[in-house]
Each structure stands twice: as structure tokens, then as C-alpha cells.
1. State whether segment 19-108 is rounded, prolate or oblate according to the following rule on the C-alpha gyration tensor (a ≥ b ≥ c being the square roots of its eigenvalues): a/c under 1.5 gives rounded; otherwise a/b larger than b/c gives prolate, and the remaining case gives oblate.
2. Using the alpha-carbon atoms, what tilt in degrees (0 to 90, nearest 10) does helix 90-108 show relative to the longest principal axis of the chain?
3. Using 0.36 nm per residue of separation minus the Cα-Cα distance, give me the extension gain between residue 56 and residue 39 in nm, one decimal.
4. Roughly how many Å is it from the Cα centre of segment 23-45 to that of segment 52-82, as a whole number?
5. For the chain, what is the relative contact order in percent, using Cα pairs closer than 8 Å and at least 6 residues apart in sequence?
6. For residue 32 paired with residue 87, estimate the spin-label separation in nm (one decimal), with each label point 7 Å from Cα along the Cα-to-Cβ line.
7. Kindly express, to the nearest 10 degrees and within the range 0 to 90, the angle between helix 54-68's C-alpha long axis and the longest C-alpha principal axis of the chain.
8. In degrees, nearest 10, range 0 to 90: what is the angle between the Cα axis of helix 19-29 and the longest Cα principal axis of the chain?
Amino acid sequence: MTTAPGPAHGVPPMPERSIPALRAAIAAHAPQLLDDFEANWRARVADTYDIGAAPAFLARWWGEYALARDPHLDHHVRDLEQRAADCADPDKARDLLEEASRIHHRVAALGPGE
């Protein structure tokens with residue numbers, strides 16, 4: 001099993017846990033996510049007027065940003081997922097996906113300032 005790289009110096013802290021603060025952090029530190037973030041916002045919340053969907057929207061994009069703000073960690077997770085997709089051994093593929101999942105869960109649990 002491989003070990004995920006730790007947080008790198010220069011990785012921006014997580015923002016305040018609000019949609020406007022998260023959007024600002026994405027725009028500043030992970031602009032490659034911004035178009036998808038805004039399209040998903042419109043489709044899930046803004047265009048439907050379903051404010052009940054806002055917590056799930058925030059949770060999803062919190063995790064997306066938590067990975068994307070650290071390019072090395074993001075690359076590591078994407079590599080694990082790609083290796084699992086390419087793997088002919090189902091047990092090895094499962095192990096790779098479980099490791100990626102642990103990282104996804106860990107970063108999704110980060111709090112503001114972390």
C-alpha cells in the first residue's frame with residue numbers, strides 16, 4: 001500500500017465553510033474547478049430554487065476543493081483511481097480505490113483554516 005503525501009507548504013487553508021467563501025477560494029486557488037462549480041450551483045440550487053440542496057452542494061465542493069488546492073495530493077488520488085481503473089487484479093484495484101476513498105474522506109472532513 002502506498003502512503004499519501006502530506007500537506008505541502010504553500011497549500012492554502014480551507015476557507016470559511018460557506019458557499020461564497022468556497023467559491024472565492026476556488027476562484028483564487030483552483031480556478032480549473034470554477035466553471036463546473038458554477039454550472040453545478042445553477043443546476044442543483046440556483047435554477048431550481050431548491051435551497052435544501054445547498055448543504056449537499058457545499059459538502060461535495062468542499063471535498064473537491066480540498067483536493068484541488070494541493071496539486072500533489074490531487075495528482076496522487078487521481079493516479080490511484082487511474083491505476084485501479086487499469087488494474088486487471090480486482091483485489092489490487094479495490095485496495096487502490098479504498099486508499100483513494102480514505103483520502104477523499106480525510107480531506108472532506110477538514111475544517112476552516114486547516
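Please treat every number below as a calculation from the coordinates, not as lab data. Since this is a predicted model, take the numbers as computed values, not measurements. Note: ideal-geometry Cβ built from the backbone for every residue, glycine included; neighbour counts use all protein chains shown.
1. Note, shape of segment 19-108 comes out prolate.
2. Between the helix axis and the principal axis of the chain, the angle is about 30 degrees.
3. Value of the extension gain: 4.6 nm.
4. Each part reduced to its Cα centre gives a spacing of 12 Å.
5. For the chain, the relative contact order is 36 percent.
6. Label at residue 32, label at residue 87, 2.3 nm between them.
7. Helix 54-68 sits roughly 50 degrees off the main axis of the chain.
8. 60 degrees
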